[in-house]
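A short worksheet on the structure shown next.
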Amino acid sequence: MKGEKEEQIRQKVREHYGKVATGGKGCGCEPQSSATCCSPNQAAGDQAGALMGYTSTDLESIVEGANMNLGCGNPIAIAALQPGETVLDLGCGAGFDSFLAARAVGPEGRVIGVDMTAEMVAKARTNAESMRAENVSFRLGEIEHLPVSDASIDVILSNCVINLSPDKKQVWRETYRVLRPGGRLAISDIVALKPLPGDMQEQVAFYTGCVAGAAEVDPIEADLAASGFNEVAVRLRPESRQMIGQWFPGSGVEEYVASAEIEAIKPFVYLQVPEGTEWIAEVRTKAENYMKNHGNCAQSIVAAFSEVFGIDDPLVLKASSGFLGGMMHSLTCGVHTGGVMVMGLVLGRERLEDGTDGLYQIVISTQEMIRRLNDRLGSHSCQELTGVDFTDLRQAAIFSRSDEHQKCFSRVADGAEVIATLISELGNQGELKL
């Protein structure tokens, strides 16, 4: 398998698990006496489930046929799922972990299962109908290209699937993309303890059997960190060797791989305020250009600072659009409202549980920003600055095409400079805790 192209590997994995889903003989490691990642032998299902960490209640509460014993652990046990959360199950198979997750998040929560094998998705959907599971849906797709919206998921589960991907870096990037800020990974997977012998690396059965594609711990941790995750943890499960030894009896594979729990968190905001003062001119130019091309004062301010600070969360920019051009152009200037958002990004707390100790700092700093903006621009009122009543749509339309509108370009640029200068000063004073 080592010399195979990525799509060839995916196709062999897809074919293998398609046969497993339909009950055909798809495993390349027969004969087998256990139900594991390689084969859904139901006779040994209870034993395999116990070895993976499931309780008898877990195993008995889900419709027959959903638990195909294709995992290597129990991601639900480490996910700490909460009612109302949205969960994504990567490589969901027939839906066993998805259904357990659906029970945990309750009717107000939602679970999305994704699998690249059409036969598995069909089986999962049939199981969902049998269970009348209304808060679960299943989608056909690859985990390297998830059919899921940006920043829409609270928790990602996966059970013995990521090792099967020929492009694991892309999988981690995709998980980061679809998680909301503060979202988390709760994954069970096979990891390599040391390089596998050449014969194991080349046999298809060892790849589709969740062995040959396993990555070592250090690269997994490095790839997760490079994708943007914080609090990365990969914990080996030594007790898994008994289970893994049954996958390929007599091969000694348990000396080379083990099951592991993988956890990580997508930070709320990845904020990098540049050192020095050179960046002030850069953010001024970016804000002015955004205003010229897109015409929204608040969003132009937020977009410019987000780009310079390294914030790539689309929800930040989306939230700023609510201010429009100064709260519908009739109240506070968009430079001011955009500036308030920027100060929140720099100084604000990420969680309500973080307490109120830092709120005094943001109040004082934001008041100082408003004072400086008023001095520089002359007012905080959009109507006073432009002389236009934007509640009159005719006046608004005329203004948007006039030379007077171009004065807003310089106001946005001046405002960005004022805000950036204050942030730079706070950093020099040691007031920023980033």
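Every read-out reported here was derived from the displayed coordinates using simple, explicitly stated rules and does not represent laboratory data. Model, not experiment: these values are computed from the prediction. Heads up, the Cβs are rebuilt from the backbone with ideal geometry, glycines too, and the neighbour counts pull from every protein chain shown.
Rank by packing, highest mean first: peptides 103-114, 390-401, 273-284, 127-138, with packing defined as the count of other Cβ atoms within 10 Å averaged across residues.
On the way: 103-114: 20.1, 390-401: 13.0, 273-284: 15.5, 127-138: 17.5.
Highest mean packing first, the order is 103-114, 127-138, 273-284, 390-401.
Among (1) 54, 27, 20; (2) 53, 22, 19; (3) 50, 33, 21, only one was calculated for this model; which label is it, if the read-out is semi-axes √(5λ) of the Cα gyration tensor in Å? Working out semi-axes √(5λ) of the Cα gyration tensor in Å from the coordinates points to (2). Axis angle, to the nearest 10 degrees, between helix 96-105 and the longest C-alpha principal axis of the chain: 40 degrees. Taking θ as phi - 60° and the Karplus parameters 6.51, -1.76 and 1.60, the scalar couplings of the range 298-307 work out to 4, 5, 5, 5, 5, 4, 5, 5, 4, 5 Hz in sequence order, x denoting glycine and proline. Note the angle between two axes, namely the Cα long axis of helix 359-377 and the longest principal axis of the Cα atoms of the chain, as a number of degrees from 0 to 90, rounded to the nearest 10. For helix 359-377, the angle is close to 40 degrees.
May I ask you to order 238-247, 338-347 by the average number of other C-beta atoms within 10 Å around their residues, highest value first?
Values: 238-247: 18.2, 338-347: 23.0.
Highest to lowest by the protection proxy: 338-347, 238-247.
Normalised by the number of residues in the range 6-265, the mean separation of alpha-carbon contacts (under 8 Å, six or more apart) gives a relative contact order of 20 percent. Any idea how far the Cα center of the range 141-209 sits from the one of the range 62-97, in Å? Answer, in whole Å: 15. When you restrict to C-alpha pairs under 8 Å that are six or more residues apart and normalise by the size of the range 100-155, the relative contact order lands at 38 percent.
Residues whose amide H lies under 5 Å from that of residue 216, counting only those 5 or more places away or on a different chain, are 192; hydrogens are built 1.01 Å from N in the peptide plane.
Rank by packing, highest mean first: peptides 198-208, 255-265, with packing defined as the count of other Cβ atoms within 10 Å averaged across residues. Kindly include the intermediate steps, with their values, before the conclusion.
Details: 198-208: 18.5, 255-265: 21.7.
My ranking of the peptides, most packed first, is 255-265, 198-208.
Per-residue ellipticity at 222 nm for the chain, helices alone: DSSP H runs ≥ 4 residues times -39500 (n - 2.57), over residue total, nearest 500 deg cm²/dmol?
Numbers: 19 runs with 204 residues, N = 434.
Helix-only estimate at 222 nm: -14000 deg cm²/dmol.
Working note: Cα gyration tensor of the range 6-265, eigenvalues times five, square-rooted, sorted largest first, giving semi-axes of 25, 22, 17 Å. Helix 118-131 and the longest principal axis of the Cα set of the chain meet at an angle near 90°. Would you work out the relative contact order for the chain, in percent, from Cα pairs under 8 angstrom that are 6 or more residues apart? Normalised by residue count, the contact order of the chain is 12 percent.
Annotation: aspartates and glutamates with alpha-carbon distance below 12 angstrom to residue 123 (same-chain offsets under eight excluded): 64, 115. Taking each of 19/168; 266/286; 292/407; 5/169 in turn, the alpha-carbon distance tops 19 angstrom for 19/168; 266/286.
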